[in-house]
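Okay, structure first, notes after.
Read-outs throughout are calculated quantities, based only on the coordinates presented, and are distinct from any laboratory measurement. Just so we're clear, the structure is a prediction, and the values are computed from it rather than from any experiment. Cβ placement follows ideal geometry from the backbone for every residue including glycine, while neighbour counts extend to all protein chains displayed.
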Amino acid sequence: MCDTMKRSIEIDAQTVLRNFAGYPVVLVSTRDNVLTIAQVHYFSFRPLTLGIGVHRKRHSYGLIENEGEFVVNVPTVEQIEAVKACGELSGRDGDKFSRVGLTPVPASKVEACLITECPVSIECRVMERVDLPLRTWFIGEVVAAHRADDFDPSENLYCSRTHYRRIGDILAPRR
C-alpha cells in the first residue's frame with residue numbers, strides 16, 4: 001500500500017497524452033493504399049501479433065476490414081516527409097503511393113503490398129478486432145517479415161502529441 005500521496009490535479013485527455021514521450025510511427029499498407037499510424041503495438045509473442053488502431057472515418061479502415069490483412073512498414077527519419085503526407089492525404093482522392101513518392105511491391109504471404117523505401121516490412125493477417133468508440137484495433141498475426149541488412153533502429157520515427165522525434169540514447173540493458 002502506498003503511504004505517500006502524489007500531488008493530484010485533474011487533467012484532460014490531451015494533457016494525459018503529453019505525459020508520454022512518444023509512440024512508434026509506421027506506414028501501414030493495404031493492397032492499394034498507405035496510411036500513417038502512431039497507434040501500433042505488439043499484443044502477444046506466441047503467436048506474434050501486432051495491433052494497429054485505425055479511426056473508423058479513415059479510408060484505410062474499410063480496406064483493412066474488407067481485405068483482412070495489412071503490412072506494417074517501419075520508416076526512418078529520412079522518410080519524414082512521406083510519413084507526414086500519408087497522414088494528411090486521403091487514399092479516397094487517388095494513388096497515395098505515387099503522390100508521396102513511395103514504391104509498393106508485392107508481399108510474400110499477403111496481398112497487401114510492402115513499401116520498398118522502408119527498411120522493415122511486417123506482413124499481418126487480421127485475427128481479431130477490438131472496437132472502441134472512435135477506433136478499431138486490428139490485431140494481426142505476423143506471417144512474414146522483411147528487414148534490410150543495414151537497418152538501424154535508432155533511425156525509427158516516434159510521434160508525440162505535437163512533434164515527430166527519433167529514439168533517444170541507450171541508458172542500460174534490460175535483464
Subject >> Separation in nanometres of the label points that stand 7 Å from Cα toward Cβ, at D12 and S160 >> reply: 1.9
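Using only alpha-carbon positions, what ratio does the radius of gyration of the stretch 26-166 give when scaled by 2.2 N^0.38 Å? Please report the intermediate quantities before stating the final value.
Working: Rg = 13.8 Å, N = 141, 2.2 N^0.38 = 14.4 Å.
Here the Cα radius of gyration is 0.96 times the empirical estimate.
Taking 22 Å as R0, compute the FRET efficiency from the Cβ-Cβ separation of S98 and H59 and round it to 0.05.
Numbers: r = 16 Å, r/R0 = 0.72.
Step by step, r from the Cβ atoms, then E = 0.90.
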**OP:** Would you mind ranking H163, H41, H59 so that the residue whose beta carbon has the fewest other beta carbons within 10 Å leads the list?
**Re:** H163, H41, H59
Subject >> Residue exposure sequence - E78, E67 - by fewest surrounding Cβ within 10 Å >> reply: E78, E67
Original post:
Which shape class applies to the stretch 26-84: rounded if a/c is under 1.5, otherwise prolate when a/b exceeds b/c and oblate if not, where a ≥ b ≥ c are the square roots of the Cα gyration tensor eigenvalues?
Top reply: oblate
Subject >> Excluding exposed DSSP-loop chymotrypsin sites (Phe, Trp or Tyr not before Pro) (at most 15 other C-beta within 10 Å), longest clean stretch of the chain >> reply: 21-150
**OP:** Please work out the FRET efficiency for the pair Q39 and R175, using the Cβ-Cβ distance as r and a Förster radius of 41 Å; give the result to the nearest 0.05.
**Re:** 0.90
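With +1 on each Lys and Arg Cβ and -1 on each Asp and Glu Cβ, and nothing else charged, work out how big the dipole of the chain is about its Cα centre, in Debye to the nearest 20.
Details: 22 positive and 23 negative charges, 115 e Å.
Here the chain has a charge dipole of around 560 debye.
Lysine pairs in the chain 8 or more apart or on different chains: how many have alpha carbons under 24 angstrom apart? Write out the running numbers ahead of the final one.
Working: K57/K84; K57/K96; K84/K96; K96/K109.
Close lysine pairs under the 24 Å cut-off: 4.
Need the full-extension length gain, V105 to L132, defined as separation in residues times 0.36 nm minus the C-alpha distance. One decimal, nm.
On the way: separation 27, 0.36 × 27 = 9.72 nm, distance 3.20 nm.
Using 0.36 nm per residue and subtracting the Cα-Cα distance, I get 6.5 nm.
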Original post:
Based solely on its DSSP helices, what 222 nm [θ] is calculated for the chain when runs of n ≥ 4 H residues each add -39,500 (n - 2.57) and the sum is averaged over all residues, nearest 500 deg cm²/dmol?
Top reply: -4000 deg cm²/dmol
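Full-extension gain between D32 and A148, please, as 0.36 nm times their residue separation minus the C-alpha to C-alpha distance. Walk me through the numbers before you get to the answer.
Working: separation 116, 0.36 × 116 = 41.76 nm, distance 2.27 nm.
Once the chain is fully extended between D32 and A148, it gains 39.5 nm.
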